[in-house]
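The structure under discussion appears below in the form of structure tokens.
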Amino acid sequence: MMGLLRAVAKSNRSIQTSIQNQGLTLPLCRQFSTQMETPQKDNSSDPFLRNPSSGLVYGRLFVTGKHTRKSDIINMLGSSRLSPDDVRFEYNMNYALVSVMIQFPTRNSYEATLREGNRKGGLFRMERVGRQQWDTLPRYDGKTILLLGVPRYAVAEDVERFLAGCQYDASAIQMFGRPQRASDRPPSRTVFVEFPSQAKATHAFITKNRGFCLNNQITVRLLQ
């Protein structure tokens, strides 16, 4: 029995001596562990492994209505957590609303909104659009009113009298000749007036709509 123990001890000393002769200082078990370790690959730069939901996504929502406001759109889409700055209105040449552009913070948010619309039985119709279409839309932000029915021979001073009591920048009045349609009785002008705030523009819309300028009844629209 003693002879067997001496043989085992001698064998261990031979292994330790062999390791030291090779310049190794780690325990034998640590050597095997080190050989099996491999560096972790950084997947953050791999485009196939990135989160595809990041980045802005744009959609066009097809709605109509003369008095639709940004708050109406946000409430309708509800779950997408939009702000008024994420909503822009698209008008045709006669300034009738034809669609609303929406800026979503992520693709997931856009797709969640689509699913919500389908769940509610197709409450709205929306398609994806590019960033360029969003960038080229004019921004009115509820601070601009549109005057329809202003006589063609009216001048800026006539518009200023019509807007008496409203706070706006007189230099921001823009007057354009409106193409005559069969339904137009006399030819008329289209007038844009910019206000310093949404509240002041809304006040002008409320107090001046259906008023008269040079005996013509004026329709006032608040552009979003």
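Results, tabulated for the structure shown:
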| item | result |
| --- | --- |
| Computed magnitude of the charge dipole of region 86-143 (debye, nearest 20; Cβ of K, R +1, Cβ of D, E -1) | 140 debye |
| Percent accessible area from carbon and sulfur atoms, region 114-180, protein chains only, probe 1.4 Å | 47 percent |
| 5 angstrom amide H check on Gly211, placed H, neighbours 5+ away | Ile218 |
| Percent of Cα-Cα distances greater than 19 Å, calculated over region 102-167 | 61 percent |
| Thr68 - accessible surface, heavy atoms, 1.4 Å probe, Å² rounded to 10 | 30 Å² |
| Residue-normalised accessible area of region 50-176, given per residue in Å² at a 1.4 Å probe | 56 Å² |
| In Hz, Karplus ³J(HN,Hα) per residue of region 133-139 (6.51, -1.76, 1.60; θ = phi - 60°; x = Gly, Pro) | 5, 5, 5, 8, 6, x, 9 |
| Karplus-derived HN-Hα couplings along region 109-117 (A = 6.51, B = -1.76, C = 1.60, θ = phi - 60°), whole Hz, x at Gly and Pro | 5, 4, 5, 5, 5, 4, 5, 5, x |
| Cα centre as origin, Lys/Arg/Asp/Glu Cβ charges: region 95-181 dipole, Debye | 520 debye |
| Net charge of Cβ neighbours under 15 Å - reference Pro84; Lys, Arg +1; Asp, Glu -1 | +2 |
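The values are calculated or read from the model by the stated rules, or taken from the named source; none is laboratory data. The model shown is predicted, which means the values in this text are computed figures rather than measured ones. FYI the Cβ positions are ideal-geometry reconstructions off the backbone, even for glycines, and counts take in every protein chain you see. When the accessible area is computed, the model is the full protein with side chains, heavy atoms only, and any ligands, DNA or RNA have been set aside. Shrake-Rupley method; radii C 1.70, N 1.55, O 1.52, S 1.80 Å.
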